[in-house]
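Notes to accompany the following structure.
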Amino acid sequence: MGKLVLYRLGFALPQLLVVSVIVFSLTYLVPGSPAAAILGISATPESIAQVEAQLGLDRPAPERFVEWFGGLLHGDLGTAYRSGLPVTDMLAQRLPATLSMIFGGLLVAIVVGVGVGVITGTRPGTTTDRVLTGGTVFGIAIPEFWLGMILTTVFAAWLGWLPIVGWVPFSENPLLWARGLILPSLTLGLTGGAIIARQTRAAMVKSLASPYTDTLAAAGVPRWKILYRYGVKNAMVPVLAATGVTFAIMIGVSFVIEKVFSFPGLGSLMLTSVIGQDFPLVQGVVLLTATLVIAVNLLIDIGYGLINPQARPA
Amino acid sequence: MTVSTVGPAAATTPAAKQAAGPRQAWRRLRHQPLTLAAILTVALIVVIAVFAPVLAPYAPDDTDFSNVLSGPTAAHPLGTDDLGHDVLSQLIFAARTALLVAGGSVLVAMLIGVPFGLILGYKGGWYDRLGSRVMDLADAFPGIMIGFVVIAILGRGVWILIFAIGLIFSMNFGRMVRAITLAERKKLYVESAHVSGLRNRQIIFGQVLPNLAGPLAVQAAVFLGNAIKVEAALSFLALGLPDDQPSWGGMLRTAAEHQVDHPLMALPPGIAIVVTVLAFNLLGDGINDALSGARSTRKARKASRKAARLAASTLAEVEQARLDAEAREQVPSTRDDAPVPVASSVATREALVTTAAHPEPVLSVRGVSIVADRPDGEVVPLVSDVSLTVGRGEVLGLLGESGSGKSMLAKSILGLLPPGVRVDSGSVTLAGDELVGRDERGMRAIRGKKLGVVFQNPQANLSPVHTVGHQLVDPLRVHHGMSKAAARDRAAELLDMVGVKDAAGRLSQYPYQFSGGMAQRVAIAIALAGEPDVLILDEATSALDVTTQSQVLDLVLDLRESLGMAVVNITHDLGVAAESCDRVAILYHGELLEVNDVFSLFENPHHPYTAALLAAHPTADREVDRLPTLADFVTADGEWIVR
């Protein structure tokens, strides 16, 4: 177990390093100077040079990278161009809403996805299978933010069951926090669940068609036991992979649906910094989400190793 | 040594066999109603987009300030937005934007991804390792984040949006192209092209690209749908297209601003997106099905539902049997070399089966016929009217080519026939109990307890993610109601009995840690857990090397002695039959030709097919220049012929 974790970390850490280099070099891809973007139409060559010096943009790239990376290791991501606040603080303030939403979404996606996948995968070709699998096709085609709009209209505006503006910090009131998360989680989770359901179904069908099911059935092990004890565990490997992919997709989607649910998450921060070309903030958000994705994939890889003995390091 | 080989590859690659050319795929496509509907929908959207100026009642920038945010009226069937734009016209013009951006971005994604994947897949080595790392890295960024960053750097605009979305999907194309190129590269014809002196580039573009066309079409269709979703999301966030360009996402942004007082505004653009994305996704699925040859007719679904069972591992064998059956029908009845019909098939069988039945038959098969119901309603006979008995302590060999129906016969005894295959008539009795027609519960009382079975592929026979102990303990607990600890002790005993050393220690190991022979011993132990009266070996030693094969057969013979069980050994290998069986039954095209004790059969075969089979078997003491081959022995009217 410890060996497995170390082995996987050996993959994840270099990945993080390269990601940070890519994120750092983003500013160099901008045509023109970020200083010009900050100053807008009032920019003069002198004022641009002044701002560049102020932000340290005039120093050579390697020097800036070392400084930036050193700060990164201490949790310092620099200062936002516009607000002048530390990027780390701004991110920390927005992270809870985004993480809550993704947590809820993953929960819905896994419960719905694995549930539907197992139900359809164990009875391929039946009416139940066709109806539910048809549903997953819809689930993948529906734009999440539109689904969110429809859900708020129906459940918040028309039925009045849930508040329209949902975010309440957990520390303030856990119950209201959970209540506010219901609609965003459903929105995020239904499409993610559709992806997981399709994977689970395919994996179940494949797993249950393997010869070992015949061996066990021929030895007298009951079908339900083969199904749930052997079939599901065998199917879990591709399902875990689908969950990893879903997580990455969900972060992106959460950025979009934040707007629908007026959630104060990373998405709206990203939006304003993209429009304002506030690169320290853009870098911060990208680095943070990439780190989250890599971390979750690390967990999933470890999960792989736990399920599938062959994926463990020798 | 073997009549024909039944490799695991034959059973695992039915899809490859069915992969179809474009013409065949198109023919299949026409029989998929859902795909046709998707094609029509896409065509309709394209027509709407192209003829938008003609179809739309208003220009996209026409404003009607006296009528803002109106509901549906005669002048504006879908109402107007907050600037008095006609919603229907906006919707129609937005279809242009959606198709332009989606088409453009998929083109960009292919332009980046396809060459990238081709290079990685073809060059291999360091190119591949480095490139694959780049693709893994791209996975760390949620797709839309790449879009955000590109827009942050380059700003807003149609071309920037197309580039951003294209970049998001480019790695997906790269990954797919790499995988396919890698597979194609390994194929023989690329190697032979090398030999014939074609240059690398010619090989890639001349031979690999046509093979990519199908999968690329599938991916392109699916990503067209995805691109529309991403475009809508970015436009919804006001990061996509400029505000004056009508887009479904932009319309939804307006709708979101007026969600409380005008909730229905969200419907038209949302439905437009869903329909378009759905059409592209279904088109992709449809092309995929058509290319891979997946049949999903109503009848096929019905058949599998009726079967309502899990096992489908031997469909390839059914297919083989069907091909054989077809081949049998196609044998011309008139031949120049004037074959001599010896007798009708029924008479032959009656004459040649020496029913020297064992004094105490434990398993009797009487007149069993097995048929496969094909999706198109045709009923294909797999096994016809076979009768056999196996006595206590006897080893009966069931010998035949692949497709002769021998495995189907074994599966019918166990009630484990794959979906769509059934026992049509006849009876199977085990110690007096009828087995045919039992339901799942009834069969379970028999399986393991009275009948054990070991299948061919040693590794696939065991669940790869469970320990060997786990898989032994389950049947033990089922049969003997043992506690976990007691079952584990007994499992160790069983493993020890089948000759696995350090049995107790190996219980916690996984199947991949066992060699083929050892894994097969484990499978035997699982089959013996319920102390069965009859053990069926279904090509159980075919995948093993000769030495291991002998060892496993010796083990079975020893176990037969010590446990007094009967053994049915199904094989295509004459050597295995000679080495392990008391009596041998010859099966050909689903018919039983001859049953005889092993010495008489090898010394003095009754049936011409048996004789030919033996003649085709090379032995050390008989040197031949060329092995005789077996021609088809059956005429169109089911008569046996001798040449």
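The values are calculated or read from the model by the stated rules, or taken from the named source; none is laboratory data. This one's a predicted model, so the numbers in the text were calculated from it and none came from an experiment. All Cβ positions, glycine included, derive from the backbone under ideal geometry; neighbour counts span all protein chains shown. Note: areas computed on protein heavy atoms with side chains; ligands, DNA, RNA excluded. Shrake-Rupley method; radii C 1.70, N 1.55, O 1.52, S 1.80 Å.
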Kindly indicate which of A:299, A:287 is more than 7 Å from chain B (Cβ to nearest Cβ) and without any contact (Cβ under 8 Å) to a residue 12 or more places away in the chain. A:299
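Among the residues of the range B:457-484 satisfying the criterion of being assigned to a loop (DSSP other than H, G, I, E, B) and free of Cβ contacts under 8 Å to residues at least 40 places away in the same chain, which is farthest from the other protein chains (Cβ to nearest Cβ)? Full working, then the answer.
Pass one, the range B:457-484, residues assigned to a loop (DSSP other than H, G, I, E, B): B:457-467, B:481-483.
Still in the list and also free of Cβ contacts under 8 Å to residues at least 40 places away in the same chain: B:481-483.
Working: B:481: 12, B:482: 13, B:483: 17 Å.
Filtering the range B:457-484 for residues that are assigned to a loop (DSSP other than H, G, I, E, B) and free of Cβ contacts under 8 Å to residues at least 40 places away in the same chain, the one farthest from the other protein chains (Cβ to nearest Cβ) comes out as B:483.
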Got a number for residues in the range A:148-160 being modelled with pLDDT under 80 and more than 9 Å from every other protein chain (Cβ to nearest Cβ)? 1
Only residues that are in contact with a Lys or Arg (Cβ under 7 Å, 6 or more places away or on another chain) and either aliphatic (A, V, I, L, M) or at negative phi (or both): list them for the range B:489-533, please. B:495, B:498, B:500, B:507, B:530, B:532, B:533
Determine which single condition residue A:172 fails, assuming it passes every other condition in (1) open to solvent by 30 Å² or more (accessible area, probe 1.4 Å); (2) facing chain B (nearest Cβ under 8 Å). (2)
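Please indicate, with yes or no, whether at least one residue in the range B:195-203 is in a helix (DSSP H, G or I), at pLDDT 70 or above and open to solvent by 80 Å² or more (accessible area, probe 1.4 Å). Lay out the reasoning, then the answer.
First pass over the range B:195-203, keeping only residues in a helix (DSSP H, G or I): B:195, B:200-203.
Among the residues that remain, those that are also at pLDDT 70 or above are: none.
No, the range B:195-203 contains no residue that is in a helix (DSSP H, G or I), at pLDDT 70 or above and open to solvent by 80 Å² or more (accessible area, probe 1.4 Å).
How many residues are surrounded by 22 or more Cβ atoms within 10 Å (Cβ to Cβ) and either out of contact with any Leu (no Cβ under 9 Å at 6 or more places or on another chain) or modelled with pLDDT of 85 or more (or both) if we restrict to the range A:195-210? Reasoning before the result, please.
First, the residues of the range A:195-210 that are surrounded by 22 or more Cβ atoms within 10 Å (Cβ to Cβ): A:196-197, A:199-201, A:203-204, A:207-208, A:210.
Retained after the next criterion (residues that are either out of contact with any Leu (no Cβ under 9 Å at 6 or more places or on another chain) or modelled with pLDDT of 85 or more (or both)): A:196-197, A:199-201, A:203-204, A:207, A:210.
Residues that pass the stated criteria total 9.
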Pick out, from the range B:352-441, the strands (runs of 3 or more DSSP E) lying fully within it that include 3 or more residues that are farther than 22 Å from residue B:596 by Cβ and among the aromatic types (Phe, Trp, Tyr). none
Could you list, in sequence order, all residues of the range A:67-126 that are modelled with pLDDT under 90 and polar (S, T, N, Q)? A:79, A:83, A:122, A:126
Condition check: closer than 30 Å to residue B:212 by Cβ, at pLDDT below 75 and basic (Lys, Arg). Does residue B:23 satisfy that? yes
Of (1) within 16 Å of residue A:265 (Cβ to Cβ); (2) in contact with a Gly (Cβ under 9 Å, 6 or more places away or on another chain); (3) more than 8 Å from every other protein chain (Cβ to nearest Cβ), residue A:145 fails just (3)
When restricted to B:161, B:111, the only residue open to solvent by less than 10 Å² (accessible area, probe 1.4 Å), assigned by TED's automatic domain parsing to the domain that holds residue B:245 and in a helix (DSSP H, G or I) is B:161
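Any idea which of A:71, A:75, A:84 is open to solvent by less than 60 Å² (accessible area, probe 1.4 Å), small (Gly, Ala, Ser) and assigned to a helix (DSSP H, G or I)? Give the derivation first.
Numbers: A:75 fails: assigned to a helix (DSSP H, G or I); A:84 fails: assigned to a helix (DSSP H, G or I).
After applying the criteria, what remains is A:71.
For the range A:98-113, what are the residues that are open to solvent by less than 60 Å² (accessible area, probe 1.4 Å), closer than 10 Å to residue A:254 by Cα and of a type outside the set (Val, Ile, Thr)? Lay out the reasoning, then the answer.
Narrowing the range A:98-113 to residues open to solvent by less than 60 Å² (accessible area, probe 1.4 Å): A:98, A:100-102, A:104-106, A:108-109, A:112-113.
The next check asks that each one be closer than 10 Å to residue A:254 by Cα; those that pass are A:98, A:101-102, A:105.
Passing the criteria: A:101, A:105.
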Got at least one residue in the range B:551-571 being in contact with a strand residue (DSSP E or B) (Cβ under 8 Å, 6 or more places away or on another chain), among the aliphatic types (A, V, I, L, M), at pLDDT below 85 and more than 19 Å from residue B:494 (Cα to Cα)? no
When you scan the range B:246-269, how many residues do you find that are within 14 Å of residue B:231 (Cβ to Cβ) and open to solvent by less than 30 Å² (accessible area, probe 1.4 Å)? 8
When you check residue A:307 against the structure, is it over 20 Å from residue A:252 (Cα atoms) and facing chain B (nearest Cβ under 9 Å), yes or no? yes
Is it the case that the range B:119-139 has a residue that's part of a helix (DSSP H, G or I), open to solvent by less than 30 Å² (accessible area, probe 1.4 Å) and among the β-branched types (Val, Ile, Thr)? no
Reported set for the range A:273-299 where residues are open to solvent by less than 20 Å² (accessible area, probe 1.4 Å) and of a type in the set (Val, Ile, Thr) is A:274, A:282, A:285, A:286, A:289, A:293, A:294
I'd like to check something: does the range A:7-22 contain any residue that is of a type in the set (Phe, Trp, Tyr), in a helix (DSSP H, G or I), modelled with pLDDT under 85 and surrounded by 12 or more Cβ atoms within 10 Å (Cβ to Cβ)? yes
Flag for residue B:544 being touching a residue at least 24 places away in the same chain (Cβ under 8 Å) and crowded, with 23+ Cβ neighbours inside 10 Å: no
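Given the options B:430, B:416, B:435, name the one that is at the interface with another protein chain (Cβ under 8 Å from one of its Cβ atoms) and out of contact with any Cys (no Cβ under 9 Å at 6 or more places or on another chain). First the steps, then the outcome.
Values: B:430 fails: at the interface with another protein chain (Cβ under 8 Å from one of its Cβ atoms); B:435 fails: at the interface with another protein chain (Cβ under 8 Å from one of its Cβ atoms).
On inspection, the qualifying residue turns out to be B:416.
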Answer yes or no as to whether residue A:120 is of a type in the set (S, T, N, Q), buried (at least 24 other Cβ atoms within 10 Å of the Cβ) and more than 24 Å from the chain's Cα centre (by Cα). yes
